[in-house]
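Worksheet: the structure to be examined is printed underneath.
The values are calculated or read from the model by the stated rules, or taken from the named source; none is laboratory data. Just so it is clear, the model here is predicted, and its values are computed rather than measured. Neighbour counts run over all protein chains shown; Cβ positions are idealised from the backbone, glycine included.
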Amino acid sequence: MEYRILGKTGLRVSVLGFGASPLGNEFRITDPQEGVRAVHRAIDLGINYFDVAPYYGRSLAEERLGLALQGKRHQVILATKCGRYDVRQFDFSADRVRRSCEESLRRLRTDYIDVFQAHDIEFGDRQQIIEETIPAMRKLQEEGKVRFVGITGLPLKLLRDVAERAGVDTVLSYCRYNLMITDMDDILTPFCREREIGLINASPLHMGILTEQGPPAWHPAPEAVKEAGRRVAELCRQRGVRVADVALRFCVQHPYVATTLVGMSRPDHVESNVRALEGQTPEDLLEEIRAIIAPVFNTTWPSGRPENQDYEELRQQLLRQADAC
Ligand code: NAD
């Protein structure tokens, strides 16, 4: 396993990180024992970065990860989040941040969190995140309950703006840098690099689109993106290559991202994802994949409040939806 330094935090993180949302049954019902084995296998294979949130499985993922990490806490870097608690339940107030931290510590069976992140900040009020949420998280840092403070979300311009104005140690971006889309590099990466902010890239499989089994029903991408994913998976199958391997390798080769988070709950996925890092994707296959994706390349979708969108058309889309309700 290769390790990289996560910005100015100095944390030495594995290039492949363990995304624990599947432990909360976010993609499908998973077997708890298998989940524990997946976590242990990941540690054995050198994965040291684990990302979870109270939102995943409405606390189930934290419970399961905490149980799996008993006796192994010192071997890993543990990241969790605050502010998002259900599909439409958000609270970025200072009080809730503090309570959330205590709850996560209890569920994760630890007395410190390495990276504490405000979760999906596009659903919050920008000023509140800057003036109340991040300062409350910094207070927890002063008290030694968390080591570093970060933000996560989908809209890149918002992440950049909040990182600049509030000052954060890490930024987690998802579904904005993988085979289907790379606009993270246009909007966020240069800023993070210049400020030495730790950059975490999540969802290298585009939340299941770049897998054999395909995405879950709730996946927000437009149908044309899902269809392109099916065609890429089919092409890889014909070539005797696993689509997830190709997608992961593409992300891990990023020059600045410290860790790429892939969602896992099965030991066989952990093993094949770690093995994928060793292989190489033939250039002609990549060319064919790029051709399939070209018509939908860089397609994203709205998330959060209208004023927090990256692109005017996404803001308009949300305003039209609100009018229709
Ligand atoms: P992903 O792109 O990593 O896809 C996960 C899906 O792919 C799951 O269904 C998983 O079972 C499957 N999978 C994994 N390895 C596979 C393999 N080798 N073969 C076939 N299928 C495989 O999407 P994700 O889980 O959403 O993202 C990774 C992690 O990043 C999350 O678990 C979470 O920890 C983090 N994340 C955070 C945010 C945020 O903070 N806002 C958003 C998205 C993701």
Checklist outcome for this item: The one condition Val270 fails out of (1) within 13 Å of the ligand (Cβ to nearest atom); (2) over 26 Å from Arg64 (Cα atoms); (3) more than 16 Å from the chain's Cα centre (by Cα); (4) among the hydrophobic types (A, V, I, L, M, F, W, C) is (2)
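Look at Thr170 and say whether it is crowded, with 19+ Cβ neighbours inside 10 Å, of a type outside the set (A, V, I, L, M, F, W, C), touching a Lys or Arg at 6+ places or on another chain (Cβ under 8 Å) and touching a residue at least 40 places away in the same chain (Cβ under 8 Å).
Values: crowded, with 19+ Cβ neighbours inside 10 Å: yes; of a type outside the set (A, V, I, L, M, F, W, C): yes; touching a Lys or Arg at 6+ places or on another chain (Cβ under 8 Å): no; touching a residue at least 40 places away in the same chain (Cβ under 8 Å): yes.
So Thr170 does not fit the description; no.
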Checklist entry - So which residues in the stretch 57-106 are part of a loop (DSSP other than H, G, I, E, B), under 27 Å from Ser14 (Cα atoms) and of a type in the set (S, T, N, Q), if there are any at all? => result Ser59, Gln70
Checklist entry - Does Phe116 satisfy the condition of being of a type outside the set (S, T, N, Q), at pLDDT 95 or above and in a loop (DSSP other than H, G, I, E, B)? => result no
Checklist entry - Does Leu235 count as within 16 Å of the chain's Cα centre (by Cα), farther than 18 Å from Thr300 by Cβ and either of a type outside the set (A, V, I, L, M) or not in a loop (DSSP other than H, G, I, E, B) (or both)? => result no
Item to check | Residue in the stretch 156-173 that is part of a strand (DSSP E or B) and either touching a His at 6+ places or on another chain (Cβ under 6 Å) or of a type in the set (Asp, Glu) (or both) present | outcome: no
Checklist entry - Going by the structure shown, is His269 in contact (Cβ under 8 Å) with a residue 40 or more places away in the chain, surrounded by fewer than 22 Cβ atoms within 10 Å (Cβ to Cβ), closer than 20 Å to Ala38 by Cβ and of a type outside the set (Val, Ile, Thr)? => result yes
Checklist entry - Among the candidates Ala233, Ala244, Ala224, Ala202, which residue alone is within 19 Å of Pro295 (Cα to Cα) and within 12 Å of the ligand (Cβ to nearest atom)? => result Ala233
Next on the checklist: Condition first: under 17 Å from the mean Cα position of the chain (by Cα), more than 13 Å from the ligand (Cβ to nearest atom) and without any contact (Cβ under 8 Å) to a residue 60 or more places away in the chain. Now tell me which residues in the stretch 146-167 satisfy that.
Outcome noted: Val149, Arg160, Ala163
Item to check | Which listed residue, of Val87, Val76, is more than 16 Å from the chain's Cα centre (by Cα) and either under 19 Å from Gly304 (Cα atoms) or among the basic types (Lys, Arg) (or both) | outcome: Val87
Checklist entry - Within the stretch 28-58, which residues are within 8 Å of the ligand (Cβ to nearest atom), of a type outside the set (Val, Ile, Thr) and crowded, with 19+ Cβ neighbours inside 10 Å? => result Asp51, Ala53, Tyr56
Checklist entry - Residue check, Pro190 against (1) without any contact (Cβ under 8 Å) to a residue 60 or more places away in the chain; (2) buried (at least 22 other Cβ atoms within 10 Å of the Cβ); (3) within 19 Å of Gln253 (Cβ to Cβ), all met but one. Which one? => result (2)
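Among the helices (runs of 4 or more DSSP H) confined wholly to the stretch 248-325, which include 3 or more residues that are at pLDDT below 95?
Working: elements: 267-276, 283-293, 312-324.
Because the criterion is at least 3 residues that are at pLDDT below 95, the helices (runs of 4 or more DSSP H) in the stretch 248-325 that meet it are 312-324.
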Checklist entry - What is the one condition in (1) of a type outside the set (Lys, Arg); (2) under 19 Å from Ile209 (Cα atoms); (3) within 16 Å of the ligand (Cβ to nearest atom) that Phe297 does not satisfy? => result (3)
Checklist outcome for this item: Counted residues in the stretch 233-263 being free of Cβ contacts under 8 Å to residues at least 24 places away in the same chain and under 14 Å from Thr211 (Cβ atoms) come to 2
